[in-house]
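The values are calculated or read from the model by the stated rules, or taken from the named source; none is laboratory data. Keep in mind the model is a prediction, meaning the values are calculated, not measured. We place every Cβ from the backbone using ideal geometry, glycine too, and count neighbours over all the protein chains shown.
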4 protein chains.
Amino acid sequence: MAKIRVTVWNEYRHEKRSEVVGDLYPEGIHGAIAGFLGTDADLEVTTATLDEPEHGLTDDVLAATDVLVWWGHMAHHDLSDEVAEKVVKRVWNGMGFIALHSAHFSKVFKRLMGTTCDLKWRGQGEKERVWVVEPSHPIAANLEKDYFEIPLEEMYGERFDIPAPDEIVFMSWFAGGNVFRSGCCYRRNQGKIFYFQPGHETFPTFFQKEVQTVIHNAVYWAAPNNRPQLTFGFHEPLEPIE
Amino acid sequence: MAKIRVTVWNEYRHEKRSEVVGDLYPEGIHGAIAGFLGTDADLEVTTATLDEPEHGLTDDVLAATDVLVWWGHMAHHDLSDEVAEKVVKRVWNGMGFIALHSAHFSKVFKRLMGTTCDLKWRGQGEKERVWVVEPSHPIAANLEKDYFEIPLEEMYGERFDIPAPDEIVFMSWFAGGNVFRSGCCYRRNQGKIFYFQPGHETFPTFFQKEVQTVIHNAVYWAAPNNRPQLTFGFHEPLEPIE
Amino acid sequence: MAKIRVTVWNEYRHEKRSEVVGDLYPEGIHGAIAGFLGTDADLEVTTATLDEPEHGLTDDVLAATDVLVWWGHMAHHDLSDEVAEKVVKRVWNGMGFIALHSAHFSKVFKRLMGTTCDLKWRGQGEKERVWVVEPSHPIAANLEKDYFEIPLEEMYGERFDIPAPDEIVFMSWFAGGNVFRSGCCYRRNQGKIFYFQPGHETFPTFFQKEVQTVIHNAVYWAAPNNRPQLTFGFHEPLEPIE
Amino acid sequence: MAKIRVTVWNEYRHEKRSEVVGDLYPEGIHGAIAGFLGTDADLEVTTATLDEPEHGLTDDVLAATDVLVWWGHMAHHDLSDEVAEKVVKRVWNGMGFIALHSAHFSKVFKRLMGTTCDLKWRGQGEKERVWVVEPSHPIAANLEKDYFEIPLEEMYGERFDIPAPDEIVFMSWFAGGNVFRSGCCYRRNQGKIFYFQPGHETFPTFFQKEVQTVIHNAVYWAAPNNRPQLTFGFHEPLEPIE
């Protein structure tokens, strides 16, 4: 089996501007994610960041990416519309897309959803308990229990303005009184999309084992299949029409 | 109960440029649709067309519309991006949207879906049989049988590149060998969207009783409820956080 | 428009055996529910209870019921299999079914779901906050805000072993750390089913305004449409087969 | 990776009673299916049939089965309720279940669906064209085109009385004028279920390459994951309750 080619994309600005974030993620959030994914020899993992030329997402990079993992927050608007559109089209063409945390407001995710993707939030840090709602889903595999806790996370709360997900894998409880659909699957055109709520930059969430397990599972789930050839447009009759 | 305010929007160009279409729909497709909807005294029906100022969709018109019925085909690109965006936002804000036939490729529908909305098509005219898949759905109410036939329609065929619908009410069989998800419901933000496949401009589809019944049902289904007040953005804790 | 005929069914045993419950619901839980529904002149509301002959659900009663509201808890097994099967078949035939709280374990609901309907629970009483997830849904209409609180309720928690709902209207937060899909819609055959989590017998939940609003909305949503005539079994070809 | 253990179950009566069927499937339908699955060295394939003791489905067999493929038609009622219930519970406990063709009316499938599973049918043999509706789904992988044809099949037509599938992978067109949701995915408790329409005993459907590809894909999709440990019943608070 060919390796799954994963590109981990990150804004990589918080890490350079905030000492707290920089200390937590000295290799950047992308580095942390690429780090744990890279221990799987069946994955071929690279990274790309906002301030690289073409945001690190050249046509060649996108063409050679099976699954794109996305983290962005403060600088969604600094991503060029052109690159955002290219990524959307690559997802439509089969690339998996894993949107982490504040990527709910990224140009790519909002465009793919067709909604505002707005939500409630609270950033002071509070306990989040992630509950498994669909235990037979491959993205929930290899978790030990039917929930796990993140000691401190940013709260994201309903009403989350997304299309009803094709599958809800996780729902989260927050200490401050909110709930959230925190693990959501979508198919759009040929591509598979997974949104996963945890991962605020000021907390060590991406070093937590369960979070790593979920993202690792999601990469496998989102990887493209060898799909049938589709045709669109004018279609000759397959049966005689009187 | 207050009346439901329906605006029927039409490109209204085929009717003026093609004798066949003009003869079929002397009042325009919008006139035909407004005609049968207008016989229900609980609906308040008006029309708007592409070549009116602001495409007939001023802020006042949109604000006073509960359900917008949309027919467009040859001139999707002549709708200004600005008005398209206004309509999308009004749907998000609760206005129902009924996309008929070639409206699958309208700016508004594509933007709301987040996909290409591409499909197979064949325009020579062939028998379409519309099957009821979800008979308990209000949009299937008052149909006599579990299918109805349209003697001549344009074929639209799978793969239809849409998000998996929240509810599939109808599926169609075409004589030339194709199938299609021809009646599809979506919720997006506060708005309800119904896509209905029949309605090519060269056929008298909108004069057919069953088609009228379906569109009439859809207006009631898509009309906004008195929904709860939503809040987004920063959210004070509802419970004490240690 | 003909009135919607609602039958409210209750075990009606807790009220007679427990002073606490009897004091809370002197007319029985069915009496409380029938009380607030009965203030709507467009509903025709009657009640039935477990210990009546045929559990109050004779063929005539079922035939004359558009929507059946169900509360049961300690005595699910005292409902005869025969009556349970009749109710299931009547739902299949178009009767709406609203399963409240511990009705998740009723014979009828389990049979309709095809799963165990098991869950986590904790009965000491704790704060429940019911969040609106799908604000455009008619069952969420006329609520003031996007959540409401129940001061004391029994906790029901995920993993709730149900089929993924056709629509999730509400999700609940519980003070003790759990979350729950607390408002779930299903279509099964011709019938519509709504499961709503609140309503433990030792708490005055059914006197709370928001709970009453939701159940009232659900009655309208679950009421049968004038649906098309369905046929099953051998089907003559509609087109010539070579 | 451990091999996936597949048990192919068949009534195995038509083959013995009808010369036509016996000639088509000299090893039985189970033999034909086990034959093509068995060429994959990562699958461990065995068979079981109705007239074996305990219908070939002892506790040991079920415990050692990851995915159960089911074909039955004329003798659904000869399966004991006890074994049917065991199979249902094993699916709930994680075993994949692939219901082929007339298995729509098997005790196991009907029990898992909670509906009648009734449909229209016509057995004389006509062309079926299976359309790919969800091309990114793993069950559609490795098909060459977005449809394939079965020269002669039994027609199954809508309205198919099933719960709205979690995912519709295929929809079929029939020459006689009908359509059908012919590839349907469900999750029920821990188990994954795939219904696939083709496979009437009087046609050589199971020797067709595309049909084999789909069933092969479905085995991989339905195989259980290493899922988290679930708990049900009384649940101690995870947070202090005042």
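Quick rundown of the values:
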item	result
Filtered residues of segment D:35-58 (kept if in a strand (DSSP E or B) and either touching a His at 6+ places or on another chain (Cβ under 8 Å) or within 17 Å of D:D81 (Cβ to Cβ) (or both))	D:T47, D:A48, D:T49
Selection within segment B:1-17 - closer than 19 Å to B:A103 by Cα and touching a residue at least 60 places away in the same chain (Cβ under 8 Å)	B:V6, B:T7, B:V8, B:W9, B:N10, B:E11, B:R13, B:H14, B:E15
Within segment B:1-44, tally of residues that are closer than 24 Å to B:D59 by Cα and not aromatic (F, W, Y)	21
Qualifying position, being in contact with a strand residue (DSSP E or B) (Cβ under 6 Å, 6 or more places away or on another chain) and at positive phi, among A:G176, A:G199	A:G199
Residue in segment B:36-49 that is in contact with a Phe, Trp or Tyr (Cβ under 7 Å, 6 or more places away or on another chain) and either among the hydroxyl-bearing types (S, T, Y) or at pLDDT 95 or above (or both) present	yes
Subset of segment B:189-238 [surrounded by fewer than 20 Cβ atoms within 10 Å (Cβ to Cβ), farther than 20 Å from C:E144 by Cα and charged (D, E, K, R)]	B:K209, B:E210
Any hit, segment B:94-107, residues being in a strand (DSSP E or B) and within 14 Å of chain A (Cβ to nearest Cβ)	yes
Number of positions in segment B:116-173 that are out of contact with any His (no Cβ under 8 Å at 6 or more places or on another chain) and basic (K, R)	4
Residues of segment B:215-242 satisfying the condition of being within 30 Å of B:L68 (Cα to Cα) and either within 14 Å of chain A (Cβ to nearest Cβ) or among the aliphatic types (A, V, I, L, M) (or both)	B:I215, B:A218, B:V219, B:A222, B:A223, B:R227, B:P228, B:Q229, B:L230, B:T231, B:F232, B:G233
Filter result for the condition that a residue is of a type in the set (G, A, S) and either more than 24 Å from A:F203 (Cβ to Cβ) or in contact with a Pro (Cβ under 8 Å, 6 or more places away or on another chain) (or both), over A:A48, A:A41	A:A41
Residue within segment B:19-27 that is within 18 Å of the chain's Cα centre (by Cα) and touching a residue at least 40 places away in the same chain (Cβ under 8 Å) present	no
Residue match in segment D:144-163 (condition: closer than 15 Å to B:E158 by Cβ, among the aromatic types (F, W, Y) and within 10 Å of another protein chain (Cβ to nearest Cβ))	yes
Selection within segment D:170-221 - hydroxyl-bearing (S, T, Y) and touching a helix residue (DSSP H, G or I) at 6+ places or on another chain (Cβ under 8 Å)	D:Y186, D:Y195, D:T202, D:T205, D:Y220
Flag for B:A63 being surrounded by fewer than 15 Cβ atoms within 10 Å (Cβ to Cβ), farther than 19 Å from B:V214 by Cβ and out of contact with any helix residue (DSSP H, G or I) (no Cβ under 9 Å at 6 or more places or on another chain)	no
Qualifying residue in segment D:192-214 (condition: at the interface with another protein chain (Cβ under 7 Å from one of its Cβ atoms) and either hydrophobic (A, V, I, L, M, F, W, C) or within 14 Å of the chain's Cα centre (by Cα) (or both))	yes
Qualifying positions in segment A:114-133 - surrounded by fewer than 24 Cβ atoms within 10 Å (Cβ to Cβ), outside any strand (DSSP E or B) and either facing chain B (nearest Cβ under 7 Å) or at pLDDT below 95 (or both)	A:T115, A:T116, A:D118, A:L119
Test for B:V61: is it more than 19 Å from B:P163 (Cβ to Cβ) and part of a helix (DSSP H, G or I)	yes
Among residues of segment A:60-74, those that are more than 20 Å from A:I193 (Cα to Cα) and modelled with pLDDT of 95 or more, counted	1
Flag if A:F206 is assigned to a strand (DSSP E or B), within 25 Å of A:M95 (Cα to Cα), of a type outside the set (K, R) and touching a Phe, Trp or Tyr at 6+ places or on another chain (Cβ under 8 Å)	no
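The rows are residues; the columns are (1) under 20 Å from B:A32 (Cβ atoms); (2) at pLDDT 95 or above; (3) under 18 Å from the mean Cα position of the chain (by Cα).
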{"position": "B:N142", "(1), (2), (3)": "yes, yes, no"}
{"position": "B:Y147", "(1), (2), (3)": "no, yes, no"}
{"position": "B:R159", "(1), (2), (3)": "no, yes, no"}
{"position": "B:G177", "(1), (2), (3)": "no, yes, no"}
{"position": "B:H216", "(1), (2), (3)": "yes, yes, yes"}
{"position": "B:A222", "(1), (2), (3)": "yes, yes, yes"}
{"position": "B:N225", "(1), (2), (3)": "no, no, no"}
